[in-house]
Amino acid sequence: MIKVMRVDERLVHGQIAMVWSKEISIDGIVVANDDTAANPTQQMALKMAVPSGIKVIVKTVAGAIDLLNDPRASKMKLFVLVRTVSDAEAVAEKVSGIEYVNLGNVGKASTDPKTTLTQFVMLTDPEIESLKQLVKLYPDTALQNLPTDKKEKATDFISKLNL
């Protein structure tokens, strides 16, 4: 079962490895990112950042969708990490039963013009369109940096901005 799918451009880092993984008590992390799947060095670094006992699998977005739809995946508590809102939308369109969709940290790496939703979430116009589609699939999609932070529903941001 997919406990959380999180959009975080940093993918695996300290907050994921030490805070989120313990808070939601996961068996494994699936990183769905085409660039990382093609980079063995980056894969190794991501796997080293995770505490022992938590399996890390790095796949392309399409490969992750196949993996998450495999019946064996339903027996594990998984945390899915994607780098972009459009990747989250692609996964959400093809994978059912995601318990929680979370936007945690996105937009700081891009130099394209962005709309700031929170200090951690800044989206380009195409990403906002992807977010609209994402909330149609998962209406409880929320912006939340840490598990102890308040969940702020993405639909509230969309309606405030008249997007």
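The values are calculated or read from the model by the stated rules, or taken from the named source; none is laboratory data. Quick caveat: nothing in here was measured; it's all calculated off a predicted structure. All Cβ positions, glycine included, derive from the backbone under ideal geometry; neighbour counts span all protein chains shown. Accessible surface areas use protein heavy atoms only, side chains included; no ligands, DNA or RNA. Shrake-Rupley method; radii C 1.70, N 1.55, O 1.52, S 1.80 Å.
Tell me, in nm to one decimal, what length is gained between Ser25 and Thr111 on full extension, where the rule is 0.36 nm per residue of separation less the Cα-Cα distance?
On the way: separation 86, 0.36 × 86 = 30.96 nm, distance 3.50 nm.
So the chain would gain 27.5 nm between Ser25 and Thr111.
With Cα atoms as the point set, the radius of gyration and Dmax of the chain evaluate to 14.7, 45 Å.
Centre-to-centre, using Cα atoms only, the stretch 61-83 and the stretch 109-130 are separated by 26 Å.
Let a ≥ b ≥ c be the square roots of the eigenvalues of the Cα gyration tensor of the stretch 72-163; is it rounded (a/c under 1.5), or, if not, prolate (a/b larger than b/c) or oblate?
Working: a/c = 1.62, a/b = 1.54, b/c = 1.05.
Prolate.
A protection proxy built from the mean count of other Cβ atoms within 10 Å ranks the segments 111-118, 76-83, most packed first, as 76-83, 111-118.
Can you tell me what share of the DSSP beta bridges in the chain is antiparallel? A percent to the nearest 5 is fine. Antiparallel bridges make up about 15 percent of those DSSP assigns within the chain. Taking Ser96, Ser21, Ser86 in turn, the Gaussian network model of the chain (Cα-Cα springs below 10 Å) assigns the largest fluctuation to Ser96.
With the whole protein complex present, Ile29 retains an accessible surface near 0 Å², based on a 1.4 Å probe. In this structure Asp156 has an accessible area near 80 Å², from a 1.4 Å probe over the protein heavy atoms. Largest accessible area first, the listed residues Leu161, Leu46 line up as Leu161, Leu46 when surface is computed with a 1.4 Å probe on the assembled protein chains. Would you work out which of Val31, Val19, Gln133 lies farthest towards the positive end of the dipole of the chain, given +1 charges on the beta-carbon of Lys and Arg and -1 on that of Asp and Glu, about the Cα centre? My answer, from the dipole projection, is Val19. Modelled this way, with points 7 Å down the Cα-to-C-beta line, the labels at Lys75 and Asp140 are 2.6 nm from one another.
Which FRET efficiency value, to the nearest 0.05, is calculated for Ala45 and Asp125 with the Förster distance at 22 angstrom and r the Cβ-Cβ distance?
Details: r = 32 Å, r/R0 = 1.44.
Computed FRET efficiency for Ala45 and Asp125: 0.10.
Taken about its Cα centre, the chain carries a charge dipole of roughly 480 debye when the Cβ of each Lys and Arg holds +1 and the Cβ of each Asp and Glu holds -1. Report summary: the helix-based calculation at 222 nm, which adds -39500 (n - 2.57) for every DSSP H run with n ≥ 4 and divides by the residues of the chain, gives -8500 deg cm²/dmol.
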